[in-house]
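To start, the structure itself, in structure tokens.
The values are calculated or read from the model by the stated rules, or taken from the named source; none is laboratory data. Treat the numbers as computed from the prediction; the structure is a model and nothing was measured. Positions of Cβ are backbone-derived with ideal geometry, glycine not excepted, and every protein chain shown enters the neighbour counts. The protein model used for the area step is the full one, side chains on, heavy atoms only, and it has no ligands, DNA or RNA in it. Shrake-Rupley method; radii C 1.70, N 1.55, O 1.52, S 1.80 Å.
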Amino acid sequence: MHGKSLDWDDLRFFLNVARTNSLTKTAIKLKVSQSTVSRRISALESSLQTCLFLHHQTGYFLTDAGQEVLRYAEEVEDRVGALQKQIAGRDQTPAGTVRLATTVMLANHLIIPALPRFRARYPDIMLELITGVNTVSVVRNDADIALRVVRPEQNTLKIRKAGVIASAVYGSTTYISEHPASVDNPTTGRSFITWDKLFSHLPSARWLDEHFPDRTSTLASTSLVTQIAAVKAGLGLAVLPCFIAAQNSDLMEVIHAQHVFSEDLWLVSHTDLVASSRIRVVADFLLEIIAEAHLV
């Protein structure tokens, strides 16, 4: 005849009785009734088909079989404790690879400057930064988490608004002093650095087309990095994100953000990955640096 399967919880009761030699003390420690302790010990003896304790007036004492079970139970206890520590430790010091998809702009001007701090805080996380967002999909598992200026449509994703990127028109201090304009129209006699027509769908390109259709363009480019360099070189004015312009003391605001436009910033991840500690700390860090850049 086979006994019932062994229950770890029964072993926990057994260990406490073996250590206290008392059902009463065990009941108090485990916050249960004395009859519950007695029932658990009986269940364990039944499953092992042996007597584990001898009951004397002075308490409960282990039989030879009980001594054998004690060694086994202590080993199980040690292993369970080690597992709990390992899991808790893993949560405290997240490790592994996290693939983060974002734009070149956010990678270069927001995330990368803050990465030394992230590395110091989480040395065991390997961050893979993917900036080809047009071909990267969180839905297809190409990335674990994404920071985007376009809100994804999929319902299977966890999407939260992380901040707002305001844009304004800027020029270098040198360019502005060399090309004075009237107070009524700050663009009079000044040229623009614009997007190549392949990028005419971008908000900054659309805004320029709408508000300054007859503008003079001194340079058309296919990247924001090029536009920033061109503005700093004194080639003309450009629509730039305010947080990037704020990083350059030689840039001056010509048309305030209130009169230009803002874009919402979205943090995107799989709903089933939210419980992952390594992805959670990356998300928290992104929200932290977004707040520091005053993008909220």
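Tabulated data
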{"item": "Flag if VAL17 is part of a loop (DSSP other than H, G, I, E, B), closer than 23 Å to VAL80 by Cβ and either touching a residue at least 40 places away in the same chain (Cβ under 8 Å) or out of contact with any helix residue (DSSP H, G or I) (no Cβ under 7 Å at 6 or more places or on another chain) (or both)", "result": "no"}
{"item": "Tabulated pairs, the range 280-295, first touching a residue at least 40 places away in the same chain (Cβ under 8 Å) and under 23 Å from GLN247 (Cα atoms), second aromatic (Phe, Trp, Tyr) and open to solvent by 30 Å² or more (accessible area, probe 1.4 Å), C-beta under 9 angstrom, 6+ apart or interchain", "result": "PHE285/TYR122"}
{"item": "Filter result (open to solvent by 30 Å² or more (accessible area, probe 1.4 Å) and modelled with pLDDT under 70) within the range 133-154", "result": "VAL133, ASN134, THR135, VAL139, ARG140, ASN141"}
{"item": "Members of the range 22-37 found to be open to solvent by 50 Å² or more (accessible area, probe 1.4 Å) and either farther than 18 Å from TRP8 by Cα or part of a helix (DSSP H, G or I) (or both), listed by number", "result": "THR24, LYS25, ILE28, LYS29, SER33, GLN34, SER35"}
{"item": "Considering residues of the range 107-130 that are in contact with a strand residue (DSSP E or B) (Cβ under 6 Å, 6 or more places away or on another chain) and more than 14 Å from ILE279 (Cα to Cα) only, the residue surrounded by the most Cβ atoms within 10 Å (Cβ to Cβ)", "result": "ALA107"}
{"item": "Single condition LEU273 does not satisfy, out of (1) farther than 14 Å from LEU295 by Cβ; (2) modelled with pLDDT of 95 or more; (3) surrounded by 18 or more Cβ atoms within 10 Å (Cβ to Cβ)", "result": "(2)"}
{"item": "Whichever residue in the range 155-176 is more than 18 Å from PRO241 (Cα to Cα) and at pLDDT 95 or above and, among such residues, is least open to solvent (accessible area, probe 1.4 Å)", "result": "TYR175"}
{"item": "Condition broken by ASP214, with the remaining ones in (1) modelled with pLDDT under 95; (2) of a type in the set (D, E, K, R); (3) under 17 Å from HIS179 (Cα atoms) satisfied", "result": "(3)"}
{"item": "Flag for PRO94 being within 30 Å of VAL150 (Cβ to Cβ), open to solvent by less than 50 Å² (accessible area, probe 1.4 Å) and out of contact with any Cys (no Cβ under 6 Å at 6 or more places or on another chain)", "result": "yes"}
{"item": "Any pair with Cβ under 6 angstrom, 6 or more apart, that starts in the range 101-121 at a residue that is outside any helix (DSSP H, G or I) and ends at one that is of a type in the set (Gly, Ala, Ser) and open to solvent by less than 70 Å² (accessible area, probe 1.4 Å)", "result": "ALA101/ALA143; ALA101/ALA146"}
{"item": "Residues of the range 46-60 satisfying the condition of being open to solvent by 80 Å² or more (accessible area, probe 1.4 Å) and either at pLDDT 90 or above or in a helix (DSSP H, G or I) (or both)", "result": "GLN49, LEU54"}
{"item": "Some residue of the range 195-204 being closer than 15 Å to GLU253 by Cα, among the charged types (D, E, K, R), assigned to a helix (DSSP H, G or I) and open to solvent by 60 Å² or more (accessible area, probe 1.4 Å)", "result": "no"}
{"item": "Output for the range 144-186, where each listed residue is over 30 Å from HIS270 (Cβ atoms), out of contact with any strand residue (DSSP E or B) (no Cβ under 7 Å at 6 or more places or on another chain) and in a loop (DSSP other than H, G, I, E, B)", "result": "HIS179, PRO180, ALA181, SER182, VAL183, ASP184, ASN185"}
{"item": "Among (1) modelled with pLDDT of 95 or more; (2) surrounded by fewer than 16 Cβ atoms within 10 Å (Cβ to Cβ) - the single one PHE192 does not satisfy", "result": "(2)"}
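Residue-wise test of (1) touching a strand residue (DSSP E or B) at 6+ places or on another chain (Cβ under 9 Å); (2) acidic (Asp, Glu); (3) open to solvent by 40 Å² or more (accessible area, probe 1.4 Å); (4) not in a strand (DSSP E or B).
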residue: ALA220; (1), (2), (3), (4): yes, no, yes, no
residue: VAL225; (1), (2), (3), (4): no, no, yes, yes
residue: ILE228; (1), (2), (3), (4): yes, no, no, yes
residue: VAL231; (1), (2), (3), (4): yes, no, no, yes
residue: LEU240; (1), (2), (3), (4): yes, no, no, no
residue: SER249; (1), (2), (3), (4): no, no, yes, yes
residue: MET252; (1), (2), (3), (4): yes, no, yes, no
residue: ASP264; (1), (2), (3), (4): yes, yes, yes, no
